[in-house]
1. Specify the residue that is nearest to ligand 3 (Cβ to nearest atom); the eligible residues are those in the stretch A:165-191 that are within 14 Å of chain B (Cβ to nearest Cβ) and open to solvent by 50 Å² or more (accessible area, probe 1.4 Å).
2. Inside the stretch A:92-146, can you point out the residues that are facing another protein chain (nearest Cβ under 7 Å) and near ligand 3 (Cβ under 10 Å from one of its atoms)?
3. Identify all residues within the stretch B:87-127 that are more than 21 Å from A:PHE58 (Cα to Cα), at the interface with chain A (Cβ under 7 Å from one of its Cβ atoms) and not in a helix (DSSP H, G or I); write none if there are none.
4. State yes or no: is B:ALA295 more than 9 Å from every other protein chain (Cβ to nearest Cβ) and over 16 Å from B:LEU11 (Cα atoms)?
5. Tally up the residues in the stretch B:52-72 that are surrounded by fewer than 24 Cβ atoms within 10 Å (Cβ to Cβ) and touching a residue at least 60 places away in the same chain (Cβ under 8 Å), please.
6. Conditions first: (1) within 12 Å of ligand 3 (Cβ to nearest atom); (2) at pLDDT 85 or above. A:LEU52 passes all but one, so which condition is the exception?
7. Report, ordered by the first and then the second residue, all pairs with beta carbons closer than 7 Å, sequence separation of six or more or different chains, a first member in the stretch A:231-260 that is within 14 Å of chain B (Cβ to nearest Cβ), and a second member that is β-branched (Val, Ile, Thr) and more than 9 Å from ligand 1 (Cβ to nearest atom).
8. Out of the residues in the stretch B:27-51 meeting the condition of being open to solvent by less than 10 Å² (accessible area, probe 1.4 Å) and within 14 Å of chain A (Cβ to nearest Cβ), tell me which one is farthest from ligand 3 (Cβ to nearest atom).
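The values are calculated or read from the model by the stated rules, or taken from the named source; none is laboratory data. Note that the coordinates shown come from a computational prediction; the quantities given were computed from them, not determined experimentally. Cβ sites come from the backbone with ideal geometry, for glycine too, and all protein chains shown count toward neighbours. For the accessible areas, the whole protein counts, side chains as well, though only heavy atoms, and no ligand, DNA or RNA atoms are used. Shrake-Rupley method; radii C 1.70, N 1.55, O 1.52, S 1.80 Å.
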Amino acid sequence: MDTLLLSRIQFGANISFHILFPTITIALGWVLLFFKLRFNATGEHKWMEAYLFWVKVFALSFAMGVVSGITMSFQFGTNWPGFMEAVGNIAGPLLAYEVLTAFFLEAVFLGIMLFGARKVPNWLHTTATFLVAFGTTMSAFWILVLNSWMHTPAGYELRDGVAYATDWWAIIFNPSMPYRQAHMLLASGLTVAFLIAGISALRLLWGDRKESVKSTMRFGVILGAVLIPIQIFAGDMHGLNTLEHQPQKVAAMEGNWETQGNVPLLLFAIPDEEARENRMEIGVPNGASLILKHKADGVVPGLNDFVAEDGTPLHPPVAPVFWSFRIMVGTGMAMLALSWAGAYMLRRRGAEHMPKLMLFAFSGMAFSGWLATLAGWYTTEIGRQPWLVQGVLTTKQAVADVPAPMVLSTLIIYLVVYAALIFAYMGTVTYLAWKASRGEPLSTRKYPRSGEAEVAAIPGE
Amino acid sequence: MDLFGDPNVWLPFTFAALMGVSILIYVVLDGFDLGVGLLMPLSEDDEKDRLVASIGPFWDANETWLVLAIGLLLVAFPVAHGVILTALYLPVAVMLVGLILRGVSFEFRAKAPITQKPFWNAAFFTGSLMASMSQGFMLGMYVMGLTWTLPHVIFAMLTAVFLTVGYSCIGAAWLIAKTDGRLQEKAVGWTKGGIWGLLLGIAAISLATPYVSPRIFDKWFGFPELLYLAPLPILSAGLLAFLWWKLKRLPMEGDRFAWTPFAAIMGLFTLSFGGMAYSFYPYVVPEKLTIYEAASAPESLIIILAGTVFVLPAILAYTALSYVIFRGKATELRYD
Ligand code: HDD
Ligand code: HEM
Ligand code: HEM
């Protein structure tokens, strides 16, 4: 295998591993703040219990996010030096702002949020929790600005193959940015909703009937049920935006070869790039035309429009984009079905008396957000190939001149470490849930209500 | 000052300075974290939690200085960034895996089933060791001009050992300040045991640098340059002597002067770093690429600088806040 392919696999592996954890921390930070504020307002112990359980998951996820993020920041230099040489003038400031406005904020206040509860006044602890949640969201904001710019570049000019910024406003608010932000933040919310519901369902199955578990079960199911329709809507908008700016990607997502009207929505097909056609198609007539153009005879772009004179394709590889898109949407539909059924059962029977089967389903879907998120990113990123920055720089131009065996050996090490860590992470989260449902007390401390907090707030030595 | 006249001159200079400062802060701060990790095997089982607690609230923010430094290299000197990181591909990968292991074991050792704790303790040590060794190795390779020849690699292996011992030394000095009782006494011993790493490390680099580059040789031993540089070795010798003298007396009644070894080693790191910065300036890739040749477009640098001027003081302020909140002896890490 050559350096280019290996570097791509390596980058894909590293970023896939990284994104798993921010996806959790971005929304979980806000959820923790919510638990904390509920406790401050009501003084009900169950909210503190919920906070103390989920803060452990947060700390673990955060550490995983940080260490894999550090790997990311070196990846540009080690594997894609051409990227920074060509678009460094634009990517640089965006990355720098991420470090300055987000990373330090979250890293410093994380220490106070995690270990400072006994050392600082309650208001400061709540503020620290807020700043951590805010910091993770800011990281996501800046990096998504950069990623969106790579898909729909704007506000720059090229001089000798190097991009120079001409309009920072246009760079930040590039055409796909709002859609990607919304869709990613919602994805994070959904991932956390299903994680919380899944782990709480597991604890209910283990016979843990604590108030905090019932509350988090309710919280997770309702959050999921509320967010998923919004996500489907946002996803649709995102797709329409992509149709405008990257039609070849949408053609690959739909598996559509010829530009034409009355295009069916394919539920199943095996795209064959050699023959340039699909095998074993099963589809809903006119579906794709309806979704993309809102008319049964709406014209949908086809892949055959994106082939050079000499026959080299200028569109992304079809099968991976086609399939990962279906995995994401399929997971989304499963989320819709389960969370609404769950919400209905909550109303009918309450969290304590949910049917066993449903609890099993929720525990099975605990990590479904990861699946949809990865699939979504694969759609987006593979769909941009062969470009690294759409229309500006190809992936091939950016690759480092490093011997392939070196890339291969480091790739293998990364893969082994990542596989082991994902295994350890999922195991440890489950173990924490098991330990908590065995009734081990989370705190030995008596909590002051927020109003009384100031009295007890003398930094304890 | 005409330094501020041409943005193609003062901007690269400012960014090189910022980058240098972040590397220095990283080396001191994560140096003590990594050093504490290196001391794990030397401590008893019941002391290990204490070791980890002493760095718990800080390590994440400390590591962020590395992200800032590499980010500044990336954004301000993109060409150099590519050259340096592709030349150091392998040690960088070792360092990253080390940092991953160190960071996650920190969490896993407290959260995974208790039977796994020894495993995660070992991973914590291994991660710290890999990160320190590879950083020392990269330092050596950088001094040798980033070319992979056998003598250079041997030299880099030596600096890898010296820096690792140096880190364990500053880590132990941190523990003198953050612990008490038996553990503190042990930490004094560990600090003493690590001084040779500092000494040999500084000596090796000071001898090698002028030897590799005639340009640096002239910069050191020409006249009057010799006079500018003279304070560095004199101050360093003074600090070393002070450190040795203090360590013989610590721990003292009422815990007085428990901070001085850490401060002294911090001083030594700073002086050595200053020496290196002086020698390599204006090159960012030794003898190949100056900061002026490698710099990004001024209009992009200005945008970053504007943000930095506002944000950096805030970062320093809340970092200081966290060191104030968690001042005093390390106590058990608790979330409640
Ligand atoms: C929980 C996660 C999740 C769920 C349930 C969905 N998505 Fe999604 N999707 C993502 C998580 C995600 C993502 C990981 O966040 C992506 C990758 C990049 C991005 O901005 O969002 C994404 C990308 C993405 C794209 C590619 C945009 C591009 O071309 O760059 C489209 C068209 C959709 N989504 C559409 C949908 C639709 C119609 C869904 C209906 C069920 C859906 N997504 C559910
Ligand atoms: C938002 C920040 C992101 C940036 C700046 C970014 C940047 C890049 C770069 C530089 C490449 C080119 C290398 C290559 O072709 O492999 C790439 C490709 C890729 N990225 Fe991303 N990426 C981001 C987010 C993600 C996420 C979150 C995922 C997955 C979860 C992802 C998955 C991939 C995959 C699978 C490829 C490989 C495409 C292919 O080669 O066929 N990316 N991205
Ligand atoms: C190539 C792209 C990326 C790079 C270079 C990168 C870099 C980093 C680094 C260095 C950290 C650690 C910060 C610290 O020390 O606290 C980090 C954390 C984080 N990243 Fe990324 N990242 C990338 C992609 C992404 C993507 C695609 C997202 C989400 C949309 C994301 C969101 C976050 C968040 C929220 C954190 C902080 C929370 C956590 O660590 O779990 N990053 N990233």
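1. A:TRP168
2. Correct list: A:LEU95, A:VAL99, A:PHE103, A:PHE104, A:ALA107, A:VAL108, A:LEU110.
3. Those that are more than 21 Å from A:PHE58 (Cα to Cα), at the interface with chain A (Cβ under 7 Å from one of its Cβ atoms) and not in a helix (DSSP H, G or I): none in the stretch B:87-127.
4. Values: more than 9 Å from every other protein chain (Cβ to nearest Cβ): yes; over 16 Å from B:LEU11 (Cα atoms): no.
Against the criterion (more than 9 Å from every other protein chain (Cβ to nearest Cβ) and over 16 Å from B:LEU11 (Cα atoms)), B:ALA295 does not qualify.
5. Qualifying residue count, the stretch B:52-72: 5.
6. The one condition A:LEU52 does not meet is (1).
7. Within 7 Å, no pair qualifies.
8. B:GLY37
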